[in-house]
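A short write-up of the structure that comes next.
Please treat every number below as a calculation from the coordinates, not as lab data. It should be emphasised that the depicted structure is a prediction, and the values quoted were computed from it without experimental measurement. Here Cβ is always computed from backbone atoms with ideal geometry, including for glycine, and neighbour counts include all displayed protein chains.
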């Protein structure tokens with residue numbers, strides 16, 4: 001497989017579920033040559049999966065104030081960092097993939113604007129719009145990566 | 001004058017806690033307490049919910065052991081429906097519990113505890129973590145990650161996802177294991193066995209040279225409790241409760257889960273959100289008992305699978321027979337349990353009865369109270385529900401594994417502090433040994449206080465006049 005897309009977050013904290021929701025919708029499109037993972041959080045076990053692909057995209061809702069559009073930005077391995085099973089950090093996971101499994105793919109973070117991280121299920125209109133855009137951009141990304 | 005030493009937060013455990021150590025006027029350890037600083041409130045906010053929602057709700061108690069809550073909750077529901085779950089559903093639930101135990105024990109051993117005994121107690125904290133393991137022994141680190149992954153994949157193959165699978169329900173389970181899923185499990189079993197054996201051999205070698213840790217981290221008398229089968233075999237999902245003592249004597253046996261209140265009391269303490277269960281016939285606090293791997297291996301007569309039984313015989317021969325008392329040997333017991341779970345998983349893969357499509361018994365509300373008990377990785381877990389005629393939850397009582405170890409964790413901290421602290425000088429390695437006293441139990445503190453909340457964290461040594469003598473901060 002050439003590309004890995006990991007959408008992660010907690011679906012019971014409203015817009016925090018945007019990442020896995022985007023992954024779920026992308027998986028439904030069955031893009032060829034792509035592994036799609038929906039996850040509650042990033043785990044050490046994802047490191048081996050990362051080491052086996054050439055490109056990876058992490059998809060997550062962002063609490064950053066002022067973020068109004070879906071933003072794709074590169075992620076580098078965070079050398080020397082520890083791994084806390086409670087903290088989802090793409091940089092640390094990439095470092096683990098490199099150190100333990102010999103390869104860290106070229107990687108990006110797709111950050112989705114979010115408005116509501118309260119307790120409950122379902123996305124806000126902001127997050128729903130972000131997920132729709134994210135899925136379209138991911139589909140294009142995966143097609144271009146063939 | 002009395003001084004207090006505080007370790008806050010305790011690192012490399014699941015959840016948030018702090019430890020207070022009280023010195024007397026002579027600088028000797030006088031007392032120690034383990035405080036849990038999270039409040040959850042599950043028992044209260046579940047009132048008014050429907051019985052059928054409870055497995056999914058209570059699974060959210062914890063992201064590390066949701067399966068344990070799922071299974072105990074479903075069993076409480078089984079009681080209320082007054083059904084016997086179909087045999088295939090029982091086997092599938094057992095398989096999921098095996099996956100849970102494998103992944104949780106692997107996390108505890110490789111990620112949370114191994115940095116101490118593989119990197120070294122006195123190594124700098126920035127090296128004494130999973131990254132240190134990766135650098136010291138990358139093959140072991142890889143194997144540990146894969147073993148945990150194997151356990152999680154079993155959970156995912158059954159429940160559809162690794163964390164909070166909505167799968168076990170009152171009366172049975174939602175779906176079975178596919179033949180493709182079976183092939184995946186069978187294909188990965190050999191590597192899992194190899195990792196378990198490697199870890200066992202490693203720890204057995206280490207512990208022979210670690211007599212100091214065995215004695216000082218910490219060894220004391222207590223009762224032990226766990227589930228056993230009717231023939232006394234190690235159990236982790238069915239069976240009945242057994243208590244044994246520090247001489248290896250059985251003090252109470254074949255107790256039905258619904259009668260737990262006759263044997264287990266719960267004391268509330270002001271210094272912690274964690275209740276303290278105790279063995280009622282001996283009162284509080286004399287009725288302190290331990291649960292979890294050490295206790296399960298003490299109370300059972302045998303493991304029931306050949307490799308695990310061979311390991312159990314060796315373990316008992318060297319470390320105390322049917323009353324192994326050292327908390328440090330929780331790690332050893334955990335590894336034997338991983339082996340037992342792998343053997344039983346292999347057995348289930350060859351059991352044609354696993355693949356029946358009869359997975360659920362349907363019924364309405366036939367009783368107004370149900371108690372479900374299952375062995376979580378950390379120990380025995382109870383869900384006790386009462387409902388009205390429509391299945392609306394009226395009350396909930398949950399007794400969590402880690403809570404049952406509360407008194408023992410306090411005792412462990414006290415013993416370790418007494419063994420290593422003398423005066424006001426506290427080297428990093430000693431603080432780490434005190435923390436490790438808690439890690440032995442692999443506590444799950446998110447479960448055991450059934451709140452989302454974080455408190456400011458710092459360590460202070462305070463003199464009798466209130467002056468701060470020393471201050472340190474530990475990051476989580």
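The table that follows gives values for the structure above.
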quantity: Cα gyration tensor shape of chain A, rounded if a/c is under 1.5, else prolate or oblate by comparing a/b with b/c; calculated: oblate
quantity: Ordering of A:94-101, B:386-393 by packing [mean C-beta count within 10 Å, highest first]; calculated: A:94-101, B:386-393
quantity: Sites residue A:79 and residue B:230 - FRET efficiency at Förster radius 41 Å, r taken between beta-carbons, to 0.05; calculated: 0.15
quantity: Inter-chain shielding of B:128-135 (mean C-beta neighbours from other protein chains, 10 Å cut-off); calculated: 4
quantity: Expected-Rg normalisation [2.2 N^0.38 Å, Cα atoms] applied to the protein assembly as shown; calculated: 0.95
quantity: Potential extension, residue B:137-residue B:347 segment - 0.36 nm per residue separation minus Cα distance; calculated: 72.4 nm
quantity: Residue B:256 paired with residue A:121, simple spin-label distance in nm, labels 7 Å along Cα-to-beta-carbon; calculated: 3.6 nm
quantity: FRET efficiency, residue B:369 to residue B:317 (Cβ-Cβ, R0 60 Å, nearest 0.05); calculated: 0.85
quantity: CD proxy at 222 nm, helix term only [per DSSP H run n ≥ 4: -39500 (n - 2.57); per residue of the protein assembly as shown; nearest 500]; calculated: -12000 deg cm²/dmol
quantity: Spatial separation of Cα centroids for the range B:196-248 and the range B:267-328, in angstrom; calculated: 6 Å
quantity: Two-site FRET efficiency, residue B:267 against residue B:122, from Cβ-Cβ distance with R₀ of 41 Å, rounded to 0.05; calculated: 0.65
quantity: Shielding score for B:141-151, defined as the mean number of other chain Cβ atoms within 10 Å; calculated: 3
quantity: Sequence ranges B:321-327, A:2-8, ranked by mean other-Cβ count within 10 angstrom, highest first; calculated: A:2-8, B:321-327
quantity: Residue A:24-residue B:31 pseudo-label distance in nm [points 7 Å out on the Cα-to-Cβ vector]; calculated: 5.1 nm
